[in-house]
1. Of the numbered conditions (1) at pLDDT 85 or above; (2) buried (at least 19 other Cβ atoms within 10 Å of the Cβ), Leu140 satisfies every one except a single condition; which is it?
2. Just give me the residues in segment 392-420 being more than 14 Å from Gly292 (Cα to Cα) and surrounded by 23 or more Cβ atoms within 10 Å (Cβ to Cβ), in sequence order.
3. I need every pair where a residue in segment 317-332 that is farther than 16 Å from Leu419 by Cα has its Cβ under 8 Å from the Cβ of a residue that is in a loop (DSSP other than H, G, I, E, B) and at pLDDT 70 or above, sequence separation at least 6 or different chains.
4. Mind checking which residues of segment 318-337 are in contact with a Pro (Cβ under 9 Å, 6 or more places away or on another chain) and part of a loop (DSSP other than H, G, I, E, B)?
5. How many residues, within segment 198-238, are part of a helix (DSSP H, G or I), out of contact with any helix residue (DSSP H, G or I) (no Cβ under 7 Å at 6 or more places or on another chain) and exposed (fewer than 14 other Cβ atoms within 10 Å of the Cβ)?
6. Having 1 or more residues that are modelled with pLDDT under 70 and either among the basic types (Lys, Arg) or out of contact with any Leu (no Cβ under 6 Å at 6 or more places or on another chain) (or both) is the bar; report the helices (runs of 4 or more DSSP H) wholly within segment 20-112 that clear it.
7. Against the conditions (1) at positive phi; (2) under 21 Å from the mean Cα position of the chain (by Cα), where does Gly110 fall short? Just the number, please.
8. Going by the conditions given, is Thr336 of a type in the set (S, T, N, Q) and under 22 Å from Ile92 (Cα atoms)?
Amino acid sequence: MNNFFITFHNIWNAKELRKKIITTLGFLLIYRFAAYVPIPGINPLGISDFMKNFNPGSKGLMQILSSFTGGAFNRASVLALGVMPYISASIIIQLMCLIIPTLQRVQKDGESGRKQISLMTRWLTVILCLIQAPVYLISLTKQFIPFLSYSSISKTYLIDINSFYGKTLFWGIGIMVLTSGTLFTMWLGDKITDKGIGNGISLIIMSGIIARFPEAVSKEILSKIEIGNGGFIVLFFEFLLWLLVVLFSIIIIQAIRKIPVQYVSHYKSLSSNSKLIQKRHQYIPLKMTAAGVMPIIFSQAIMLFPLTFSEYVNNNKMKNFFHLFQDVYGLWYNLTFFLLVIIFTFFYTAISIPVNQMADDLKRNGGHIPKIKPGKETAEYIDHVLSNITIPGAVLLGIIAILPSVVYRSIGITQNFSLFYGGTSLLIVVGVILDVIQQVNIYLLNYHYDGLMMMKKKDSKFRYFNKN
């Protein structure tokens with residue numbers, strides 16, 4: 001506990017770091033405020049009625065969607081789409097860079113290439129917003145809530161949707177507002193990255209997830225203190241299990257396999273012109289979960305298709321088939337989800353880690369793996385090691401992905417709190433917090449180093465004047 005206060009004191013004394021943290025918190029506060037601003041023409045009070053009457057399985061799926069936007073999705077907020085269109089655009093552009101040679105050359109073009117890729121990602125985000133915004137508005141007006149142009153608070157009509165002008169105005173404003181909300185969220189994320197600390201987009205997603213945590217904990221406590229639900233003893237074991245899951249997630253994220261590497265460098269001896277050889281020992285760190293949370297995000301995006309298209313299918317057999325995958329706590333949903341996470345873990349690891357390029361770079365820089373020949377054999381060895389550590393990593397990611405359903409079914413934890421027992425939410429929160437802690441430690445190290453150098457300069461000046 002003493003170390004915590006010392007660290008907090010050091011952070012507060014580091015002026016630049018303190019300014020960055022305050023700036024980050026300020027931008028996140030703006031985002032959280034905007035998440036409560038409703039879309040013009042929609043009565044947000046009708047959403048609560050929809051969520052109460054929705055079936056439990058699909059409701060859990062809606063809660064997963066809402067967790068990425070901090071509840072803005074369920075509130076019909078102007079930020080209802082959140083950063084999901086931007087994430088989808090980034091994934092598409094990243095995959096296209098691996099497939100299209102022209103984009104590969106642009107990506108390797110240094111800073112100018114990164115700017116072009118970023119510009120393409122933003123334009124693709126706008127296109128995806130123009131597609132997703134109408135789908136979201138259709139869902140609001142026909143599936144999720146009854147459209148209410150009549151405000152229950154002010155008792156006045158907002159938009160007359162019975163007229164052609166009213167419909168055109170509603171759809172035009174809705175699409176424009178939702179698209180602008182996503183672009184505004186991207187702008188906030190860029191500002192946090194530039195002037196704050198940590199990755200802005202990741203922090204925005206994490207803030208939305210954490211915003212639902214107090215409500216989930218309070219509902220869990222209220223449900224357990226009721227008669228017959230176990231009381232505080234069950235709560236103690238539930239939170240103990242949750243802490244173990246968090247610790248397990250941290251271990252998985254930080255687990256690496258070190259491949260030893262030797263670099264041979266030549267230099268001339270001072271006593272003669274003969275060249276001596278010096279060996280420098282380093283290692284290549286390969287993460288057990290090199291794909292991070294991307295496999296879970298990919299898999300979850302695919303599992304959302306049954307919810308999206310089930311209402312538009314007229315065939316009863318297809319409807320029954322889609323219904324099997326709408327229950328996030330059902331057997332078929334979790335089995336399919338588990339297999340998809342494993343498949344996408346191998347796929348994303350294969351496309352994100354260039355094994356052949358790593359082997360070529362080692363050979364070019366005079367490095368080699370002990371007892372392994374440079375070139376092709378090095379690439380095969382790295383690929384073999386990567387495959388061996390990816391197998392347990394993929395299985396463990398799959399277990400974490402379906403863990404919320406397991407604890408909900410077997411232990412009886414409430415739906416809201418079960419989402420924090422694993423899945424994308426927990427991995428994103430743990431990963432972002434670890435990244436922020438690492439950056440804070442770097443700033444503190446630089447702060448202490450600069451302070452030490454200033455003390456040395458003052459000491460050297462003091463000695464110089466004393467000599468004179």
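The values are calculated or read from the model by the stated rules, or taken from the named source; none is laboratory data. Just so it is clear, the structure is predicted and the values come from calculations on it, not from any experiment. We place every Cβ from the backbone using ideal geometry, glycine too, and count neighbours over all the protein chains shown.
1. Result: Leu140 passes all but (1).
2. Pro404, Ser405, Ile413, Phe417, Ser418, Leu419, Phe420
3. Qualifying pairs under 8 Å: Leu324/Gly330; Trp332/Phe325.
4. Phe325, Gln326, Asp327, Val328, Tyr329
5. 7
6. 45-53, 56-67
7. The failed condition is (2).
8. Here the answer is no, as Thr336 does not meet what is asked.
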